[in-house]
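No lab work stands behind these numbers, since they all come straight from the coordinates. These figures come from a predicted structure and were not determined experimentally. Here the Cβ positions follow ideal geometry from the backbone for every residue, glycine too, while neighbour counts run over all protein chains shown.
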Amino acid sequence: MAVASQSVLKGTGIGQGVAVGPVARMSPPPAVPAEQSSTLTPEEETARVQEAIQTVAADLTARGQAAGGQAQEVLEAQVMMAQDPTVSEAVAAQVSAGTTGEYAVHAAFGEVAETLQALGGYLGERAADLHDVAIRVIAALRGEPAPGVPDPGHPFVLVAQDLAPADTALLDLDKVLALVTIEGGPTSHTAILARGKGITAVVGAKEAAGLNDGDEVIVDAASSEVVTNPSQEQKDRAAERIAQREAAQAAPITDGALADGTEVPLLANLGNPEHAAEAVELGAEGVGLFRTEFLFLSSDSAPSVAEQRQSYQQLLEAFPGKKVVVRALDAGADKPLPFLNDAEEENPALGLRGLRALLTNEEVLRDQLTALAEADRATEADLWVMAPMVSTVEETETFAKFAHQHGLKTAGVMVEVPSSALLAEQILATADFASIGTNDLTQYTMAADRLLGSVAGLQDPWHPAVLKLVREVGVAGTRTGKPVGVCGEAAADPLLAVVLVGLGVNSLSMAPAALADVRAELLHHTKEQAQAIAEAALTASTAAEALEAARAAAASHSTE
Ligand code: PEP
Ligand code: MG
């Protein structure tokens, strides 16, 4: 019997979803405009371009209003990019050289995108957003519709080069079973919005370029794989997992706990107070990581104390009586801020980032702590503050001193660097708590840039080297009686969450969309079983073996 050959395409999974269905590909982008002289005057070309930009801005604004929430913010940021004076000036320079509006937009937007890309990190990822605006403006100039999501008339797995935020925001989840992109990393807007909408997605799957319309695939975000030509057995297994996930999503929301009743508070990672209500709805028992960078990202100077206080207050008001952990500004490396990180650094991830940058700009830290203390006094939440990228005991002491001086009673540190994991006991002698940032802890343990696709295979928190460091912190927490949480992406992986608890972690913080899956998995294991599963993972030699060992241990212990 002939068996269609199967391949497994690797990418980066977003969330834990799994889906089975036929592929429908996004139409390719329109042809790149040729460099041609215009028959119109530069003034006429400029007017055409301005009109096309306004049309696109209106379309993006309307899509944002229809989508709401985080998608609206992303699309509004795109509108601002389209109307940015730097972009208009670059277009004007092209047009005055006598080219067509289409070519001017292509060249000018391309130039600005290149500058963003050179900055790398968060801003680098925005180059793709700008490229999408350029395509839309060029389509408007040609009087063509912008390329959009296909509609084959049945549910499908959408395969795209990369998906523009404008398309991701309005994806019809009844039709789009899953999303696979050929380009894009875990911090692209496609990934961020997919995570927010709970879409099953695998991004950056290079070989997906070879998929054709109608090909049947399994998209497995949990294992970061797309399986082509799946067998009946694989499809049945996927269907079973889909049913289990649906049951988990529909289960009543309870506080996080293991099968034996051990409490494991499930908290939310938030980057904007606007998203607090949704987190509460999904059962967040508080906030385990509030990333304050969003307040600073779009400005060229730090926001005022009053502006900051208003945002913090809005956040705290959503969680009366609950724990809310706010992280001091984490600037540098993947989150560069021009007014804090102005030095040229060869290796910014190893440079003045996180607390190091704050201690060289003390007034920024002091203003932030002042704003937090004011917001704390005005609200009922239990505010904890923590410092990012702490690598020494001295830094811990300094941060705790600053926080206490400002009247903030609970001051802790993020454990993101192997040195602080190894010295966790000494660090916890000073800090009131530790929160493990597994994204950076993995980056620094494996010496693999978290933004670099070429070393993405090493960026795996299942690696036993990372797990051993987590254990150091867990043990230190037990010895000192201080709380230890995890707020990196690892906490959102249900089985890894069980391992983390087995290693001594007391609370887990994650994107709110992940709460239901983690809540359901914890309920399947007792504390003792979680410890045995963790032990099995720790003794593995590779990340893949650790996952396998944990799966095998979990299957043998399952209390179902
Ligand atoms: C981490 O490093 O795991 C973390 C939670 O911080 P961020 O992802 O914001 O660097
Ligand atoms: Mg980090």
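Ordering Ala82, Val112, Ala93 by Cα displacement along the dipole of region 42-142 toward the positive end leaves Ala82 in first place; charges were set at the Cβ atoms of Lys, Arg (+1) and Asp, Glu (-1).
Please list the equivalent ellipsoid semi-axes of region 294-439, computed as the square roots of five times the alpha-carbon gyration tensor eigenvalues, in descending order and whole angstrom.
Working: eigenvalues 105, 81, 31 Å².
Gyration-tensor ellipsoid for region 294-439: 23, 20, 12 Å.
With equal scatterers on the alpha carbons only and no solvent term, can you work out the Debye log10 of I(q)/I(0) for region 260-557 at 0.07, 0.10, 0.11 1/Å? Treating every Cα as an identical point scatterer, log10 I(q)/I(0) equals -0.24, -0.50, -0.61.
Multiply the residue separation of Arg142 and Ala58 by 0.36 nm, subtract the distance between their alpha-carbon atoms, and state the gained length in nm to one decimal.
Once the chain is fully extended between Arg142 and Ala58, it gains 28.5 nm.
Read phi for every residue in region 323-335 and hand back ³J(HN,Hα) as whole Hz from Karplus 6.51 cos²θ - 1.76 cosθ + 1.60, θ = phi - 60°, with x for Gly and Pro. Coupling constants for region 323-335: 6, 10, 9, 9, 9, 4, 3, 10, 9, x, 6, 6, 10 Hz.
Can you give the FRET efficiency to the nearest 0.05 for Thr370 and Gln232, using r as the Cβ-Cβ distance and R₀ = 60 Å? All intermediate terms of the calculation are to be shown ahead of the outcome.
On the way: r = 63 Å, r/R0 = 1.05.
It comes to 0.45.
Of all lysines in the structure, those lying under 27 Å Cα to Cα from Lys235, and not within fewer than 8 positions of it along the same chain, are Lys10, Lys175, Lys197, Lys206. Taking every pair of alpha-carbon atoms in the chain, what share in percent sits in each 20 Å bin, from 0 to the bin with the longest distance? Pair shares across the bins are 20, 53, 24, 2.
Packing-wise, with mean Cβ within 10 Å as the measure, how do 344-353, 420-429, 488-497 rank, highest first?
Numbers: 344-353: 14.6, 420-429: 21.5, 488-497: 25.0.
Top to bottom by mean Cβ count within 10 Å: 488-497, 420-429, 344-353.
As a rough guide to protection, the peptides 219-227, 397-405 ranked by mean Cβ packing within 10 Å, highest first, stand as 219-227, 397-405.
Given +1 on the Cβ of Lys and Arg, -1 on the Cβ of Asp and Glu, and no further charges, what dipole in debye does region 42-142 carry about its Cα centre, rounded to the nearest 20?
Details: 5 positive and 15 negative charges, 44 e Å.
Magnitude of the dipole: close to 220 debye.
For region 270-324, the list of GluC sites (Glu not before Pro) that fall in a loop by DSSP and count at most 16 other C-beta atoms within 10 angstrom is empty. Summary of the geometry: region 482-560 and region 84-117, compared by the centres of their Cα atoms, lie 50 Å apart.
So if I place +1 on the C-beta of Lys and Arg and -1 on the C-beta of Asp and Glu, and nothing else carries charge, what would the dipole magnitude of region 273-358 be about its Cα centre? I want it in debye, nearest 20.
Values: 8 positive and 14 negative charges, 82 e Å.
Dipole size: approximately 400 debye.
Around the amide H of Ile436, modelled in the peptide plane, lie the amide H atoms of Val415, Gly485, Val486, Cys487, all under 5 Å away and 5 or more residues distant in sequence or on another chain. Couplings for region 144-159, taken from phi via the Karplus curve 6.51 cos²θ - 1.76 cosθ + 1.60 with θ = phi - 60°, read 9, x, 5, x, x, 6, x, 9, x, x, 8, x, 8, 9, 7, 10 Hz in order; Gly and Pro are left as x. Every pair of different Cα atoms in region 371-484 enters the Kirkwood calculation, which places the hydrodynamic radius at 14.7 Å. A Stokes-Einstein calculation at 25 °C with viscosity 0.890 mPa s, built on the Kirkwood radius of region 42-142 over Cα pairs, returns a diffusion coefficient of 181 µm²/s. I'd like the distance between the alpha-carbon centres of region 149-221 and region 353-415, rounded to an integer number of Å. A separation of 39 Å, based on Cα centres. Shown for the chain are the DSSP H helices of 15 Å or more along their axis, judged by Cα atoms, with a mean Kyte-Doolittle hydropathy of at least -1.0: 42-67, 69-82, 85-96, 101-119, 121-142, 362-377, 393-405, 464-480, 527-538, 543-557.
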